[in-house]
Amino acid sequence: MYRFLLTPRWWGINVFVLLAIPFCVFMGSWQLSRFDARVDDHRNLSEQTASARTEPPRPLASLLPVDKRTSGMPATATGRYGKQLLVPDRELDGKQGYYVLTLLRTGSGKALPVVRGWLPGTADAAKAPAPPAGEVTVTGALQASESPGGNGVGTRGGLPSGQTGAISAASLVNLVPYDVYDAWVTLDKADAGMKAVPAKAPEGSGLDLKAFQNLGYTGEWFVFAGFVVFMWFRLVRRELEAARDAELGLVPDDAEGSGEPLEGRTAGV
């Protein structure tokens, strides 16, 4: 009764099923592993952030380049403040405002972007406090360069002179006349009249939308695998029912005169 499974057409169906099921299971398992990795990153980052608060600040050079391990760690640098810029469209405590970003020119010849604080409202250079004069030593949380469109960073272009949309060496290279570190620091204590900007978690290291997308894709792939199995059994059942009908002489009149093989008439997908 099951000899139809050995026909050429059913060989194609069977091979497709045998390939599709492990592929769907593999993809679902891979997406689940991605979700687990993000959960582990989130857990490790939380532990790292807690321990970083108790660690003494370390020299900037010892923490570069910035990665998931060093992001958020307390760093210290010495130099003189130079050019000041504003970073508009930044939210803090549910309010819109802007960062006051000042370049700290260090002895290495490079400048370190330093977020000295946050102010509410529309970016206005007249309201931003001037940086301290002379040599200063800053202490704050080390941060990786921002990417437009990620982690709360806007993508708006055409900003007025003296403003930048993202804090990164790539964005600042055309705005300042000196080399810039591929990193930045947010002060632990903001300068007078401003609020301190809390450190951000590294991109891709938390339970964000992408993490839950991985979990959703996991379910989809396993559903696809179940659907393939369901459809195979359904096709087999239809083929068996058609064979039984033929044995009982229940073949429709139009099919009897068509000359079409039984399998081709009854086992459509």
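Just need the Rg to Rh number for the stretch 1-134, please, alpha carbons only, Kirkwood Rh.
1.36
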#### Entry: Farthest positive-ward along the stretch 72-200 dipole, Cα basis, beta-carbon charges - from Ala141, Thr102, Ser168
Thr102
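Set the Förster distance to 30 Å, then compute FRET efficiency between Phe212 and Val176 from the Cβ-Cβ distance, nearest 0.05. Don't skip to the end; give the middle numbers.
Values: r = 39 Å, r/R0 = 1.30.
Once the sixth-power term is evaluated, E becomes 0.15.
What does the C-alpha gyration tensor say about the overall shape of the stretch 65-106? Classify as rounded when a/c is under 1.5, otherwise prolate if a/b is larger than b/c, or oblate.
Oblate, because a/c is 1.5 or more while a/b does not exceed b/c.
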### Message
Considering all projection directions equally, how large on average is the shadow of the alpha-carbon convex hull of the stretch 72-200, in square nanometres?
### Response
7.2 nm²
## Note on the structure
Here the convex hull volume per residue of the stretch 99-147, taken over Cα atoms and given in Å³, is 114 Å³
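Every read-out reported here was derived from the displayed coordinates using simple, explicitly stated rules and does not represent laboratory data. Remember, it's a predicted structure, so these values are computed and weren't measured experimentally. Note that each Cβ is placed from the backbone with ideal geometry, even for glycine, and that neighbours are counted across all protein chains shown.
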